[in-house]
Amino acid sequence: MAEEKAKKATRAAPAVAGKDVAEEKAVLPPPPEAKDKTPPAGDECKALIIVEKVAEKPRAEKKKTHRGSLERDVALVKVETEKRGSLIKAWEENEKAKAENKAAKKLSSILAWENTKKATIDAQLKTKELELEKKKAEYAEKMKNKKAIAHREAEEKRAMAVARRGEEVLRAEEMAAKYRATGLTPKKLLGCFGA
């Protein structure tokens with residue numbers, strides 16, 4: 001009867017433990033001395049052996065179950081940590097993308113502002129250049145007019161000088177004719193004061 005209980009206990013343990021049956025058998029092999037020897041007279045020895053085996057198996061199951069739940073808890077914590085890490089990484093990438101987009105938008109608006117300012121300044125420069133070209137043309141025209149006026153005045157002065165020279169030459173000729181007719185000699189002082 002004790003052997004039947006031992007067999008039932010060993011059969012019950014694999015049903016509860018499931019896949020750990022092979023490990024338990026390897027851990028708790030039946031003692032080879034019991035097969036060779038005749039069983040002792042008292043049932044207490046067998047009961048002790050059975051109790052030890054039954055007592056060891058549930059402990060091993062509890063340890064395995066505890067280890068399994070601990071491993072499960074560790075795995076759940078690991079999954080939770082990975083999930084949190086992936087969420088943080090996704091948030092970080094999202095924030096970086098937002099910052100990049102914001103910076104790109106700001107840079108494009110600055111570039112557009114710069115281009116409009118440059119275009120405005122170029123337009124102002126062209127208008128100033130046109131104004132300066134117009135003023136330059138007007139000033140050149142004024143200078144040409146002044147040159148023409150100066151040339152005209154110079155021509156008039158030359159004509160007057162030539163006319164005066166002609167008059168003086170004519171007067172000198174008349175005086176010379178008068179002196180010849182009268183026979184007098186001209187006074188030197190008259191030449192100095194006459195000029």
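The values are calculated or read from the model by the stated rules, or taken from the named source; none is laboratory data. None of these values were measured; they are calculated from a predicted model. When we count neighbours, we look across all protein chains shown, and the Cβ atoms used for this are built from the backbone with ideal geometry, even at glycine. Note: areas computed on protein heavy atoms with side chains; ligands, DNA, RNA excluded. Shrake-Rupley method; radii C 1.70, N 1.55, O 1.52, S 1.80 Å.
Under 13 Å from the Cβ of Met143, count the other residues' Cβ atoms, weight Lys and Arg +1, Asp and Glu -1, and hand me the total.
Net local charge, Met143 excluded: +4.
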Requested in this report: Could you check how much of the accessible area of the range 91-140 is carbon and sulfur, as a whole percent, using a 1.4 Å probe?
Outcome: 62 percent
